[in-house]
Amino acid sequence: VGDEAVAAGLLHDLITHAASPPDVMLRLAAKVPLYGLPRHALLRDLADSLRALIEGGALGEARCAEARSLLGRALLNAREYSQGVAELELAIPGLAHQPVEAARAMVRLGWPGRTMWPIAVHRHWLERAADTVASAEIPCADRLELTVNRATALLQIGDPAGWHRHRPDPAVDA
């Protein structure tokens, strides 16, 4: 019905209280609308569940990378920046099979205000995200999301490249 807080609460209960198999738990965690979580405690519970899933050893390398990416995102939203950044950095090498998720993680690392990194490090992550998007077949909606988020991050670090319009994709304009 469009109520993200209720959806987040229900998913939270399933993730933290049901004895779901690891793959099911990971799929449920991927559906949690992190911005819709009504309380900081829910983010911590989600992060704890994802940590347990990763440490449990039941996930393969690729699924573990997906879990780390989700964990990093949850920690960033909980304002636990250093831990979130560390998880995203660990996740990226294992996300080669999912270029959209890899690029999202790179954009999150390029977003300023979460670390005391020099601007060059943020720019590096944003350029890696752009290279990942350019070299993969990515659905139009995901490509647009990544382009907008990357441009916004570039503008936040004061890089005028964020204003440059990218060439339209002929496949999208057709």
#### Entry: 1 or more residues surrounded by fewer than 18 Cβ atoms within 10 Å (Cβ to Cβ) and at pLDDT 90 or above: qualifying helices (runs of 4 or more DSSP H) within the range 105-174
119-134, 140-156
### Task
Name, by its number, the condition in (1) in contact with a Phe, Trp or Tyr (Cβ under 9 Å, 6 or more places away or on another chain); (2) under 20 Å from residue 34 (Cα atoms) that does not hold for residue 74.
(1)
### Task
Tally the residues that are at pLDDT below 95 and over 18 Å from residue 59 (Cβ atoms), restricting the search to the range 85-104.
0
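The values are calculated or read from the model by the stated rules, or taken from the named source; none is laboratory data. This structure is a prediction, so every number in the text was calculated from the model and none was measured. Ideal geometry is used to build each Cβ from the backbone, glycine not excepted, and the neighbour counts take in all protein chains shown.
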